[in-house]
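Structure first, commentary second.
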Amino acid sequence: MSEFDFDLFVIGAGSGGVRASRVSAAYGARVAVAEEYRVGGTCVIRGCVPKKLLVYGAHFAEDLHDARRFGWNVPECSFDWPRLRDSVLGEVDRLNGLYTETLDKNKVTIFHERAIIEGPNAVRLASGKVVTAGRILIATGAWPVLPDIEGAEHGITSNEVFHLDKLPRRILIAGGGYIANEFAGIFHEFGSQVTIVNRSDTILRGYDEQLRDRLLQISMGKGIIFRFNAPFERIEKLEDGSLRAHLKGPGDPIDCDQILFAMGRKPHIAGLGLENAGIELNDQGAIKVDEQNRTNVESVYAVGDVTDRIQLTPVAIREGQAFADTVFGNTPRTVDYSCVPSAVFSQPPIASVGLTEAEARNKLGTIKVYSSDFRAMKNVLAGRNERSLYKLVCHGETGQVVGIHMIGPDAPEILQAAAIAVKAGLTKADFDDTVALHPSMAEELVLMK
Ligand code: NDP
């Protein structure tokens with residue numbers, strides 16, 4: 001009999017934690033998981049899933065409009081936010097139930113309370129109970145960053161945005177990254193006046209420059225307002241309950257009804273008791289792990305956003321799986337972080353895999369870039385002046401496709417399949433040898449000259 005209550009204690013039942021718990025238990029480990037909020041984590045409860053459903057809901061604004069050009073007599077339509085909000089929250093409840101069921105089925109003990117680290121092999125639950133385990137896995141994810149300014153408490157983050165009582169007539173979104181651009185698209189389609197305010201003059205840092213510029217142009221064309229190089233000074237609540245954002249630099253303050261902070265997410269380690277076991281952080285304040293997901297303390301591991309390697313759900317899931325395979329499945333496995341595809345579910349969406357043009361130029365020297373700048377057939381008939389842009393970045397000598405970057409309808413759906421080719425190291429000639437599937441947008445990928 002083991003000297004510990006469990007073989008594995010997982011803190012956090014999000015994407016990484018659930019995968020690690022379930023698979024470790026399936027290998028025969030006695031597993032417990034503590035979750036202070038809801039099983040499923042950020043992705044399922046207040047991130048990717050409900051966001052994507054809102055993106056679908058928002059896109060009907062354009063579809064209903066365009067339907068008239070396709071012969072449909074569409075009466076004047078109005079949008080009912082509480083109805084969509086409640087359907088989405090209902091779906092979140094369903095998934096929360098499914099995730100809980102999966103853990104139950106695998107005989108994982110769930111503690112619905114906060115756990116903090118008490119030592120290398122012990123955690124203390126909120127109830128005061130101390131539980132021991134052979135290994136501890138930290139999978140507490142990340143948490144939205146709030147600005148340190150007067151009046152910050154008047155704003156909300158992506159944690160609260162799914163629960164709004166009513167749609168704001170005017171919303172200010174702080175930040176220029178994933179969440180800012182995705183929610184700008186969502187609120188704009190719902191009819192809110194949207195202003196994005198960012199500290200620099202860049203949106204979506206890290207994505208291909210031409211794609212970012214295309215999204216900016218399309219978003220501005222739709223009526224989304226951008227204020228760049230404008231850090232916050234303070235936020236004032238006015239007598240009528242609305243908000244006034246005072247920004248540094250030139251330009252008037254901005255009046256609005258809601259402020260959404262989307263200024264990045266930091267590893268969620270506050271009050272976790274890391275010091276009780278001497279667990280080290282890296283320079284960015286994330287838990288430092290080796291490629292086996294192990295911290296500097298032999299019995300303690302960490303996966304997902306709390307380690308801040310790549311803050312994406314599928315990456316956390318891979319890390320959780322690799323942890324379970326390595327530690328309890330006798331199959332040592334590490335995660336390959338190259339060619340991880342990603343997407344921004346803006347309107348239109350962006351999708352990307354591999355090196356950007358600038359990265360490839362720095363890394364490879366000689367490169368060749370092919371691009372296709374076109375208007376999707378559907379947009380032409382709809383009279384929508386919105387152009388897509390696809391780019392293939394190739395090694396100058398070998399022709400290997402080292403990056404694909406796309407903006408346009410369904411770009412993420414198309415890119416997932418194309419990412420296989422990039423990961424497999426295929427060349428431009430391989431793309432050219434593939435017969436086009438006509439008529440589609442994706443065929444542009446094999447027709448670039
Ligand atoms: P991002 O990292 O995408 O963007 C952060 C934005 O906030 C940037 O524009 C940045 O400006 C700005 N910023 C950062 N720090 C400060 C600061 N101290 N003061 C003012 N502005 C600041 O963060 P998000 O919050 O949008 O998303 C968090 C993470 O969640 C993403 O990195 C991503 O990993 C994940 N996510 C993924 C999604 C997807 O896969 N589709 C969707 C949503 C989130 P600048 O660039 O100018 O420095």
FRET efficiency estimate (nearest 0.05) - Cβ-Cβ, Asp252 to Thr202, R0 25 angstrom: 0.65
Difference of contour (0.36 nm per residue) and Cα-Cα distance, Lys368 to Trp72: 102.1 nm
Pairwise centroid distance, computed over Cα atoms, of the stretch 412-448 with the stretch 267-339, Å: 34
Under 21 Å from the Cα of Lys107 - lysines, other chains or at least 8 residues apart: Lys129
Under 13 Å from the Cα of Lys428 - aspartates and glutamates, other chains or at least 8 residues apart: Glu397, Glu444
Added length on full extension, which subtracts the Cα-Cα distance from 0.36 nm per residue, Asn106 to Thr398: 100.3 nm
Long-range amide H partners of Phe261 with built H, under 5 Å: Ile156, Thr157, Ala174
Residue-averaged [θ]222 nm for the chain, counting only DSSP H segments that reach four residues, each worth -39500 (n - 2.57): -10000 deg cm²/dmol
Relative contact order (%) - criterion: Cα under 8 Å, at least six apart; region: the stretch 143-250: 27
Residue-count net charge about Val446 - beta-carbon cut-off 12 Å; Lys, Arg +1, Asp, Glu -1: -3
Whole-Hz ³J(HN,Hα) from phi, Karplus 6.51 cos²θ - 1.76 cosθ + 1.60, for the stretch 176-181, glycine and proline x: x, x, 4, 5, 4, 6
Scattering curve values for the chain, log₁₀ I(q)/I(0), Debye with Cα scatterers, q = 0.11 Å⁻¹: -0.99
Among Ala58, Ile117, Leu84 - extreme Cα towards positive end, dipole of the stretch 1-160, charges at beta-carbon: Ile117
Nearest-10 value in Å² for the accessible area of His65, using the 1.4 Å probe: 100
With DNA, RNA and ligands ignored, accessible area of Val422 (1.4 Å probe; Å², nearest 10): 10
The stretch 179-337: antiparallel DSSP beta bridges as a percent of all, rounded to 5: 75
Amide H contacts under 5 Å for Asp5, placed H, 5+ residues apart: Thr132, Ala133
Accessible-area order (highest first, 1.4 angstrom probe) of the listed residues Met377, Met263: Met377, Met263
Rounded accessible area of Lys129 (nearest 10 Å², 1.4 Å probe): 110
Phi-based couplings in Hz for the stretch 268-283 (Karplus 6.51, -1.76, 1.60; Gly and Pro marked x): 8, 10, 4, x, 8, x, 4, 5, 5, 10, x, 7, 8, 10, 8, 5
Farthest positive-ward along the chain dipole, Cα basis, beta-carbon charges - from Gln347, Val33, Leu437: Leu437
Between the stretch 161-235 and the stretch 31-82, the Cα center-to-center distance that results, in Å: 18
Dipole magnitude of the chain, debye to nearest 20 (Cβ charges: Lys/Arg +1, Asp/Glu -1, about Cα centre): 460
Interchain or long-range residues, amide H under 5 Å from Ile196's placed H: Ile173, Ile225, Phe226, Arg227
Estimated dipole of the stretch 314-416 in Debye, rounded to 20 [Cβ of Lys and Arg +1, of Asp and Glu -1, Cα centre]: 300
Evaluated over the stretch 172-277, the Cα radius of gyration and Dmax, each in Å: 16.0, 53
Nearest-20 debye value, the stretch 135-249 charge dipole, Cβ charges on Lys, Arg, Asp, Glu: 180
Extent along principal axes [Cα atoms of the stretch 1-113; Å; largest to smallest]: 72, 24, 17
Rule-of-thumb Rg ratio for the stretch 57-198 [Cα; 2.2 N^0.38 Å; N residues]: 1.49
Hz values of 3J(HN,Hα) by residue in the stretch 183-188 - Karplus curve (6.51, -1.76, 1.60), Gly and Pro given as x: 6, 4, x, 4, 5, 4
Charge sum, other residues only, whose C-beta stays under 14 Å from Ala133's C-beta, Lys/Arg counted +1 and Asp/Glu -1: -1
Descending principal axes extents, the stretch 268-330, alpha-carbon based, whole Å: 29, 25, 18
Qualifying lysines (Cα of each under 26 Å from Cα of Lys248; at least 8 residues distant if same chain): Lys237, Lys266
Antiparallel bridge percentage (DSSP; both residues within the chain; nearest 5): 60
Under 10 Å, Cβ to Cβ, from Pro267 - net charge with Lys/Arg +1 and Asp/Glu -1: 0
Those GluC sites (Glu not before Pro) in the stretch 134-242 that DSSP places in a loop and that have at most 11 other beta carbons within 10 Å: Glu239
Nitroxide proxy distance, nm - points 7 Å out along Cα→Cβ at Arg361 and Ser87: 4.5
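The values are calculated or read from the model by the stated rules, or taken from the named source; none is laboratory data. Keep in mind that this is a model prediction, so the values were computed, not measured. Cβ atoms come from the backbone with ideal geometry, glycine included; neighbour counts cover every protein chain shown. Surface accessibility is based on the protein's heavy atoms, side chains included, excluding ligands, DNA and RNA. Shrake-Rupley method; radii C 1.70, N 1.55, O 1.52, S 1.80 Å.
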